[in-house]
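Note sheet for the following structure.
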Amino acid sequence: MTLKQYLQHRRPYEFILLAAMFSLITVVNVTTTGIEFMRSGMGPGWREAWATELTSVFMVVLLIVPLALSLNWLDLRLANLKRRVLWLIPIFLSFSLLHVVGMVGLRKLIWALVGDEYSFSPWLLGLVYELRKDLLTFLVITTSFYAYRFIIDRLQGEAQFLGVESPEKSTNARTQFLVKMLDREYLVQVDDIDWVQSASNYVVLHCGNRSYPMRQTMKRLSEELESPRFQRVHRTAIVNLEKVEFLQDKGETSVALYSGVNVPVSKTYLQDLRAALDATCSARTN
């Protein structure tokens, strides 16, 4: 499998990896809890062990997406570590409290369904115990998230405009950008961009069969790409008019690029896009 193939289907692969990881964690925790029940003289207790660990893992799975979105928003890096690292505290406390409340609620429900009662008392001691466990879980997830993102960024290459230490402060149009990939650096022409896609704190520059992430906002990038050939077509997309094959106005409006990609067009930008395409066609004719 090539990197491009993986990136094209990364969400299903990530889901499979997470499912495998949580399945392994569940089995290990269940056997550990079951053995502890046996050693304490409480009998096998496998039903209780499964219920206890499955409720905990289930809540972690539910919280994975909001936690990942929070970590992506935080965008923690060495360059901003001192300014942003303290944000991890409220993110962790929110994650842990939601985990504990949801887990205890599920256990009470399950125990009630079998005619029993689940007790989490004393609450303070139980909360401290769970916070301690959740801290390890949170650190593992956070470290894995940023390590995975770092590896992906380095493998596909991260882009930045040349000669701009702080792109947010630049007001000049750009003609090329620098891509850093592992231990290599090379230049890519702005004209090679087919289209630009918004991705949370990033934009993704699609150039032929390669895609490069750039830490930039769509609004700021529109100013950086100050050229009539680049047209905003959606809140999350900019296209290079020279790469547009035709405008598809049946059903969901979109532009078809020569690369075979269809980029959605919102009604907000449709009129401006039509005018820009007409101007581009006229320029080609002349």
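A few remarks follow.
- Members of the stretch 228-268 found to be closer than 24 Å to residue 189 by Cα, more than 26 Å from the chain's Cα centre (by Cα) and β-branched (Val, Ile, Thr), listed by number: 244
- At least 1 residues being of a type in the set (Phe, Trp, Tyr) and at pLDDT below 85 is the threshold, and among the helices (runs of 4 or more DSSP H) wholly inside the stretch 1-100 those reaching it are 3-8, 10-39, 46-74.
- Within the stretch 193-234, tally of residues that are closer than 14 Å to residue 257 by Cα and either charged (D, E, K, R) or part of a loop (DSSP other than H, G, I, E, B) (or both): 5
- Residue tally, condition more than 15 Å from residue 192 (Cα to Cα), in contact (Cβ under 8 Å) with a residue 60 or more places away in the chain and in contact with a helix residue (DSSP H, G or I) (Cβ under 6 Å, 6 or more places away or on another chain), over the stretch 218-276: 0
- Within the stretch 131-146, the residues that satisfy the criterion of being at pLDDT 90 or above and more than 16 Å from residue 64 (Cβ to Cβ) are 131, 132, 135.
- Considered as a group, the residues in the stretch 138-148 that are free of Cβ contacts under 8 Å to residues at least 24 places away in the same chain and of a type outside the set (A, V, I, L, M, F, W, C) include one that is surrounded by the fewest Cβ atoms within 10 Å (Cβ to Cβ), and that residue is 143.
- Filtered residue count, the stretch 64-83, keeping only those that are surrounded by 14 or more Cβ atoms within 10 Å (Cβ to Cβ) and either touching a residue at least 40 places away in the same chain (Cβ under 8 Å) or over 14 Å from the mean Cα position of the chain (by Cα) (or both): 7
- Failed condition for residue 155, given (1) buried (at least 17 other Cβ atoms within 10 Å of the Cβ); (2) modelled with pLDDT under 80: (1)
The values are calculated or read from the model by the stated rules, or taken from the named source; none is laboratory data. Note that this is a predicted model, so its numbers are computed, not measured. Methodologically, a virtual Cβ is constructed for each residue, glycine included, from the backbone with ideal geometry; neighbour enumeration extends over all protein chains shown.
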